Structures are given as C-alpha cells and as structure tokens.
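The values are calculated or read from the model by the stated rules, or taken from the named source; none is laboratory data. Fair warning: this is a prediction, and the values are worked out from it, not measured in the lab. Reconstructed Cβ throughout: ideal geometry from the backbone, glycine too, with neighbour counts over all protein chains shown. These area figures cover heavy atoms from the full protein model, side chains too; ligands, DNA and RNA do not enter into them. Shrake-Rupley method; radii C 1.70, N 1.55, O 1.52, S 1.80 Å.
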Amino acid sequence: MMNTKCRVVAFTTLVALGATTAAVAEPITVYTPQGEERGIWITEQAAAAGHEIEILSAGGGELFDRILAEKANPQADVVFGLIDAAMASLKTESMFQAYEPAWAQGLPAVYRDDVDNMVYKFWQTPIVLAYNADAMDAAGAPTSWLDLTKPEFSGKYVIGSSAWQTTKSYLVGILVRFADENGDISDEGWTFMQDLYDNAIVVESGDAKTAAFVNGDAVIDLNWFGGVGRQAADVGYTATIVDTEGGTPFISEGIAIIDGTDQLDAAKAFVDWFGSPEFMIAYAEEFGQVPVHPEAVAGSPMEVQANATLVSPQDIDWDDVAPKIDGWMQRIELEIK
Amino acid sequence: MTGLQFQKGLYYIGIALILWVAVSFIVAPIYSVLTQAFVDGSGLNFGAAQELAASGRVSNAIRNTLIVSALSVLTVNIIGIFEVAALEYLDIKGRRFLKFAYAMPLIFGSVVAATGYNFTYGQTGVVTRAIQSIFPALPNDWFSGVFAVVVAHTFLLTSFHYLFLRAAIRRVDYSVIEAARSLGASNLRAFRSVVLPLLLPTIFAASLLVTYESLGSFAIPAVVGGQRFDMIAELILTLNSLRRPDMAAMLSVLLGVAVILCVLLLQRIEKRGSYSGGAKTPVAIQRIRLSNPVTNTLTHGFAYLIAALQLLPVALVVLFSFAPAKSIMSEVIPSSLSLKNYAAVLSGGEAFTPLKNSLFMGGTAVAMALLVSLFVVILANRHRNKLTTALDLTFMLPWTLPVPFIAIGLIVTFATPNLLIGNQTLLGSYWILPIGYAIVVIPLMIRFLRAAFYALDPFQLEAAQALGAPPLYRFMRVTLPAIAPIIVLVAGLNINTILSEYTMSAFLFNVNNKPLSIALFEGARSANPEQAAINLVYMTLIMVFSYVIISIADRYGLGKSSGR
C-alpha cells in the first residue's frame, strides 16, 4: 500500500515539475572540450538559468571526429568550444543548423557568420609562447616562434599531439608565415617544420608533456593562454608570456546547433543564454577567459581586459586555411614526425 | 508435424541469418578495404600506395617492423629452445619452479604485458629507478625503441615454444639419443645433431607464429617503443585518424599479404607433418644430468636468470597492486601493503567502468560468436556441400587477416549508413566493438567446436533418431549436454582473450565503451600514481582470470588454444 502511495506522489510531483519547465523533461546534449570543473560549473549555471544540459566532454580533435562519425545519427544538440578551423570544417560537412543568436547584434563581423548564420564566436584565446622564468631569463628566452629551431632551445620545448587544437593552431600559425599568394607552403617552410620537430621533445599525451616540465627538461611552453598558467601552477613555476615578433596566433571558439536535433527550441534557448554578455562576464570572473562580445569585454574584470591585449595578434584567415589544414597535418605526421 | 515444420522454418531462418552475418561483417569489410586501397571514383588507382611510399614515417615503420620481426625470431628461438631444453632435456634442479616461471607468457600477454614491462623498465619503472640509484647516468628512456620491443617480444613470444616445442620434444624417442651418446656424442652434440633435427619442423612452425605476431605487434611498440617509434599496425591507426582511410587500407593490405604468406607457409608445414621424428612407441626421454660442474653451474645460472626475467614484471605488478599509490612511482619495494586499490576498482566507481565494459562486451561478443560458430559447425556437419564449405572458409578468414585489416574494414563499411544493417551507421556506436571482437574470436571457436563434434558418439544420436526424436530435441538433449563443457571453456578462453585485446579496441572504441585494454594503455602513459595503482589492479585481475581459465582448459587438453 505504502509503495503505491509513494509512487503516486512521486508521479504527480514529476508531472507538476514537467508542467512548470519543459526543459526538465530531457536535458539537451552538449559537446564541448570544457570538462571537469569548468564543465560542472557551466552545467550548474545553465540549470540555474533554466537550461537542463548534459555535457559530454573530450579533446577537441576527438569531439570533432565524433560529430563527423555521428553525422547520420546525431547524438549532440549543441556543440561549443571547438576552434575556428574545426567549426569551419564541420560547417562544410553540413553538420549545423542555422540560427542567429540573440547576442549576434553588436558582435564584430569576424566573429559572426553572416553568410550561413550557423557559427558564432564567443571567446578568444591566444596560443602563446611562454617560458619558465625560474629556469630561464628574459635575455635567454626566444623572442619569436621562429627562434625555436636554434640550437640553444634544443630539447627545451614540447610539441604535443597534432590532434590537439592548440598544437594544430600554432603549427598552422608557423606554416602560414611561409605561404605564397596561393596559400601553399614553401620548401623553406617545410624545412623549418622539420627542424622544429627535430629540436623538440615530441609527445602524444598531456601527462608526458607535464612530465617533461616536471623533470626540468622542458622550460618553454607552447600553450593556449589559460593552459600556461594552469600548467605553471600544477608543476610549480612562474611563467612569463612572450609577446613574440611576428605575432601570436589567436583562435576563437564558436557555438552552433547540430543539424537534426530533436530539441531545437531548447537548443536555441541555451545558445542565447550561453553567449549572452551576462554569462560571458560571469565566466570571465570565474575563470579569467577573455570574451569577444564588446559588452562582455567591457563588463569583465580589469585583469581579463588587460590579458586581452597582452600579446599582439598574428593575422591568420582561418576560413582560408581551414581546408588546407588536414593536408598539412598529414604531411607533418607522415613525413616530418 | 507442425512442430517439425516450425523447426524447419527456424532452421532456414538460421541459414539466412548466418549468410547475412557472413556478408555484412566479413565479406563487406574485406571488400571495403580492397576498394579503399585500390579504387577511387575514376577506377583503379594507386595514389595511396605512392603517398605511402613518399612518407618517411611509413618507410621507417616498415623497416622497424621488419627489423623487430627478424630479431624477435632469432632471440625468441634462443630463449625458447633453451627453456624447452632446460625443462625437458636437461636435469635442472627446481624444474617445477622453472616451469611455473616459463609459463608466465601464457597469462601475461598483449597490453597487460606491455604495461607490465613499462611499469618495470619504463621511464619511471621500478628497475629503471633501482639502476639509477646506483648508476645515476642511466637515461630515463633507456628501455625504448627496437631494443625494448625486441626484449619484450623475446620473453613474451616464447609461449609457442612452451606449448608446442615441449610437446614435440616429449615425442622424441629416447633410444635415439642413447644410441648417439653410446657412439661417443657429447650431450650438446646429441642435442644438436639428433634432437634438434627432429624438432626442426616444430621450431619452424613456432618461428612463423612469432613472425606473425611480430608483424602485427601493436600494444608492445605503442607502450614501450617510446617517442617517434612506430610499427606498421600503429601507423595504420594513425593514418585512419588523419582521415586517410585509403592509405590505412593500403597499408593493411600490405600487412595482410605478409601475414597471409606466413599462414600459408605454416599450413604447408602442418600438412607435411611435424611428427616425422617421433617414434610410434617412444621411450620416454630421461633428462640428462650435466657431468661437467662448470657447464652445469652455468646452465643452472642461465636457466634461473631467464626464470627471474620472466617472473620479475609479473611479480612487481602483483606486489605493487597492493601498495599505496604514493609508493608506486617512488619505491623499489613497497613499504606497506593494503587492499585499498582493489577496493577503488571493485567498489563500482569510475575505475570499475572499463572492467565492466570489457566484461559486458566480452560476454556479448562471445555469446554472438558462439551462436554463429555452433550453427556453422552444425551446418557443415549435416551437409557437406559447396555452400557450407564456403561459409566455413568465410568465417575462418579473419584468422588469416591481421586485426587492423578487419578493423579498417569495419570502419570504412559502417562509417556511413549501410543498407546491409538497415541503413544504420555503426561507427561511433557502442556495438561496433563487440561485433569486432566476435569476428576475431569466431575462427578459434569453430575449430574447437568442430573438434568437439568429431568426438561425439554417433550411436547416441542415431539411437535418439531411431526413437523418433526430432532434430531440435536431439540437439538439445543429446548433442548440447555432450559439448556443453567445451562451450563453457571456449567461452572462458575467449572472454580472457578479449579482456586484454588491444588492437581491435584501439581502432573501434569510443567514449561510451572504453574497454579495459584502452584504460590500461592510457594509464601506462599517465604520470598520475592513482591511475598507475588502478592499472596494476586491472592487470592482476586479468592475470588471475587467465590463470584460472587456462588451468581448467589445460586439464581438459585445450591449453594449446591460449597460444593465439
């Protein structure tokens, strides 16, 4: 008797909940490289704003492959946090559903998608060259990405897996310096790339990278902006970021709705909320991430605004290079590594 | 009679299903690999081969694979023949201990052994730290590249010698050895010129199996090979992740041709018969006591040294699985022991997931494979015609093909909606991996079940038939109970194989079904001691499981199966 009664109560509660917010029925599935504490925090904030989401987090490259593999049978409703080139490739594969978020107004044109209305950018991150200031002084540190092949930096920096978004971005940043007017890389560029790998510690896992810094072999960190500080804190050293000659590649992260989602309205509502200046400011306050929406930048803490101008950007047209990246990475993997 | 008709209907549905399985999951994937490799939109195309030839990394991988295979055959034979001689030809004290130690590769293989060697000799390995405390100059990565892979192969691939060569030497007629010795031959000479020639066919067969395993070696080079060292199997995976399935397919065809050559040679040797030297009623071999004290001491020393090297990684893994995570990367002998790591894995948290995944996928794969294999064997038993022979051969095909070949086939076939499976996409789904496992274990199952059927008493079945029992009833009441023990054992042996299966797993796993072998591999590269502790527990559990299954199988005379 008790059991039945309990069940009836539970059932009515569920119905009541379902009636108040439709989103409770089934959370939308979000793919993003933002995992662990960041992922949990985003999920909590979203829930507080009335968006039930379930995050599936993995490396950027892995998520990219997964979305492509699931093309016929999409599992995700929204993807965010993949970088320019990856989002551009997914768009070419017709993975996205068009939707212009409420916050697209006021967004600088480079971060909008006025042609297809599919991918909108919300964060930007420089991929920087930093060094362990406890083990190297400013005079001895490289001043440009092109310095890395010098003998004095042999075995002092780590190149991670080319499947990582960060690695891919700075490799592209280096290669485009050697591009001709058609966007093809000169022989000199490929020779440089060979030297860059020969002079480096090459690893395939994040742990192996950390280990190289722990045992003191590596002192120069090629990393995304937030990763530099995180690694320095984990290993226990002071990191100094170099404003390199020739500029630093900037990447921005986008959000899009997956084509074929069965929860289009919930997905649209989530996208509107996520990219809004209010949430972007909250995220900047929590994690120090630099937003791209001018209102969000203006509302961010001062040090975040300062970080935004720490290094000068390298001019890269990601839409132009996106179709070439697979071929370049293949050449690096098969002929250089 | 409607019951009989129903059974007949069921039987034809079964045949249709089996044909569908064969076409969808064996023929179609093989066809896909070949078309990927050689055909593009405009017809025959060798572009993938040209690109492969141009790649420095590919030629390095091919060279590494050939060097490793050639060296492995040599070193495995040296150690393997010595082990067999020490156990069966010479009188060495502590034979039972040696036998135990030399049997280690039977339970310590694939990714388990690879991570075990890494734990012992790798960058932060116990032995590496122990040596560094005496010789600080030893580089962290001393155990890497060709050297490390060949050393690991040398000890781990002796399982074929342990299983087959020991059986062969026992068949040697002792009177022949005695005759040689009475003619004045020394022990060594008698071994070299009388025993060894009799063993040559078996040695050759074991060498081919070693070549076969070395050519397709994946887990060992991936874990202990170190940075910028590849062998072919790994590179096929890399090519696939670079979204060049055509190049991956081409390289798997190359590997496939090499492996098929090995298999064909092996079959010729098997046909010629390896029993030529065996007497019909051999006089059991008497183990020879070495009379020269120096030779005797040296031989004992060498025998124990090999035993120690075989046991060391296993012992360290088991010992440290009881050690606190803190001591794993810092101590040479743990200062305290507890069951905490086991509790962490078995309490059902995150660390339990890969174990659960592998057990579940292993169980379902084996169940699917058993159904298919049973039906194929029954069919071949009842009707001997072209169709059943073709079916039989089709299901045996995966045995002659390297695993990366089959994996690439499944990926290419099921990356897009495929009509064969109701326009579904399998890539990225949970089920693609258990299906892959099933394909790989079916050939061995068919072999065992066929043997079990041959051993059935035909009179019982005839009696049942004479008494009017319908086919399904005969199968359920007579055949099945008779072969049930074999089925249980074969299931156990194959779940055991799947628990540490690495190659298929690496190609087909995804975040929903990450299996034990992949967790082990990732754990081996992790600098986190908690992860290392969990890894050691996984490895110990797999070894215990293997030990139990193989001991039971051995008692039933099925021990040979563990060779593959």
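Structure notes:
- Check: segment B:58-320 dipole with +1 on Lys, Arg Cβ and -1 on Asp, Glu Cβ, in debye: 640 debye
- Summing Lys and Arg as +1 and Asp and Glu as -1 over all other residues whose Cβ lies under 12 Å from the Cβ of B:Arg289 gives a net charge of +1.
- Other protein chain Cβ atoms within 10 Å, averaged over every residue that makes up A:328-335: 6
- Dimensions of the protein assembly as shown from C-alpha coordinates, computed as largest minus smallest value along each principal axis and given longest first, are 98, 80, 68 Å.
- For chain A, adding -39500 (n - 2.57) for each run of n ≥ 4 DSSP H residues and dividing by the number of residues yields -13000 deg cm²/dmol at 222 nm.
- Residues of segment B:43-69 with amide N under 20 Å of a point placed 7 Å along Cα→Cβ from A:Asp326: B:43, B:45-55
- Principal-axis tilt of helix A:277-287 within chain A, Cα atoms, nearest 10 degrees: 60 degrees
- Whole-angstrom gap from segment B:333-359 to segment B:127-182, using each part's C-alpha centre: 31 Å
- Cα centroid of segment B:430-452 to Cα centroid of segment B:503-556, whole Å: 20 Å
- Packing-based ranking, highest mean first, of B:100-112, B:25-37, B:330-342, A:202-214 given that Cβ atoms within 10 Å are counted: B:100-112, B:25-37, A:202-214, B:330-342
- Heavy-atom accessible area per residue - segment B:58-320, 1.4 Å, Å²: 43 Å²
- Highest mean packing first, where packing is the average number of other Cβ atoms within 10 Å per residue, the peptides B:452-460, A:71-79 line up as A:71-79, B:452-460.
- Remark on segment B:254-361: ratio of C-alpha radius of gyration to 2.2 N^0.38 Å is 1.87.
- Report summary: the helix-based calculation at 222 nm, which adds -39500 (n - 2.57) for every DSSP H run with n ≥ 4 and divides by the residues of chain B, gives -22000 deg cm²/dmol.
- Shape analysis of segment B:319-460 yields a ratio of the Cα radius of gyration to the Kirkwood radius, Rg/Rh, of 1.16.
- Comparing B:Asn140, B:Leu209, A:Met329 along the charge dipole axis of the protein assembly as shown, the residue lying farthest to the positive side is B:Leu209, per the Cβ-charge model.
- Each other residue within a Cβ distance under 9 Å of A:Trp103 adds +1 if Lys or Arg and -1 if Asp or Glu, for a net charge of -2.
- Accessible surface buried once A binds B (1.4 Å probe; total of both sides; Å²): 2100 Å²
- Cα→Cβ-extended label distance, 7 Å offset, between B:Leu472 and A:Gln194, nm: 7.0 nm
- Potential lengthening between A:Ala102 and A:Glu54 on full extension [0.36 nm per residue; Cα-Cα distance subtracted]: 15.0 nm
- Computed lengthening from A:Thr238 to A:Leu264, 0.36 nm per intervening residue step minus Cα-Cα distance: 4.8 nm
- Each Lys and Arg contributes +1 and each Asp and Glu -1, all at the Cβ; summed about the Cα centre of chain A, the dipole is approximately 920 debye.
- Each Lys and Arg contributes +1 and each Asp and Glu -1, all at the Cβ; summed about the Cα centre of the protein assembly as shown, the dipole is approximately 6740 debye.
- Between 0 and 90°, nearest 10: helix A:60-69 axis offset from chain A longest Cα axis: 60 degrees
- Max-minus-min Cα coordinates of chain A on each principal axis give 79, 44, 39 Å, with the largest extent listed first.
- The slack in the chain from B:Ala130 to B:Val294, taken as 0.36 nm per residue of separation less the alpha-carbon distance, amounts to 56.0 nm.
- Cross-linked pairs B:Lys8/B:Lys386; B:Lys326/B:Lys356; B:Lys340/B:Lys514; A:Lys121/B:Lys514: Cα-Cα separations exceed 28 Å for A:Lys121/B:Lys514.
- Only beta bridges with both residues in the protein assembly as shown are counted; by DSSP, about 70 percent of them are antiparallel.
- Bins of 5 Å, starting at 0 and running to the largest distance - Cα pair percent for segment B:58-320: 1, 6, 12, 14, 16, 15, 12, 10, 7, 4, 2, 1, 0, 0
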